[in-house]
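Before any comments, here is the structure.
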Amino acid sequence: MNINNQVSTALEEKVKGIFQKVLDIKPGEIVPGAKLDESLGIDSTELVEISVVLKKTFNVALADNEIKKSHSFNEIVDILKTKGVN
């Protein structure tokens, strides 16, 4: 495993933790590529809550529509990476 994979994995684990806390779900329910609405059953209110927690946790500016436009767990992780979160 190279350093980029380790950083990515660490970020993914942090984001998974946020999802678990906000959605009250088990870790195994969140898999890479999980569809937010189909696999995880996330509604718009929960997306807003996740967005707020992500902003606070990573001290990053996220436009409301950035998270709302996301369709999968990986897309949210990718958005954070583009913001310099690691």
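The values are calculated or read from the model by the stated rules, or taken from the named source; none is laboratory data. Just so it is clear, the structure is predicted and the values come from calculations on it, not from any experiment. Please note: Cβ atoms are built from the backbone with ideal geometry, for glycine as well, and neighbour counts cover all protein chains shown.
Identify all residues within segment 56-65 that are buried (at least 16 other Cβ atoms within 10 Å of the Cβ) and either at pLDDT below 90 or part of a loop (DSSP other than H, G, I, E, B) (or both); write none if there are none.
Correct list: LEU62 only.
May I ask you to verify whether ASP78 is of a type in the set (Asp, Glu), assigned to a helix (DSSP H, G or I) and either exposed (fewer than 14 other Cβ atoms within 10 Å of the Cβ) or out of contact with any Ser or Thr (no Cβ under 6 Å at 6 or more places or on another chain) (or both)?
yes
What are the residue pairs meeting all of these: first residue in segment 16-35, first residue on the phi > 0 side of the Ramachandran plot and assigned to a loop (DSSP other than H, G, I, E, B), second residue surrounded by 14 or more Cβ atoms within 10 Å (Cβ to Cβ) and of a type in the set (Ser, Thr, Tyr), Cβ atoms under 6 Å, and 6 or more apart or on different chains?
Filtered contacts from segment 16-35: GLY33/SER72.
Give me a count of the residues in segment 36-55 that are at pLDDT 95 or above and either exposed (fewer than 12 other Cβ atoms within 10 Å of the Cβ) or not in a helix (DSSP H, G or I) (or both).
Number of matching residues: 0.
In segment 51-86, how many are of a type in the set (A, V, I, L, M, F, W, C) and closer than 13 Å to LYS14 by Cβ?
The number of residues fulfilling the criteria is 9.
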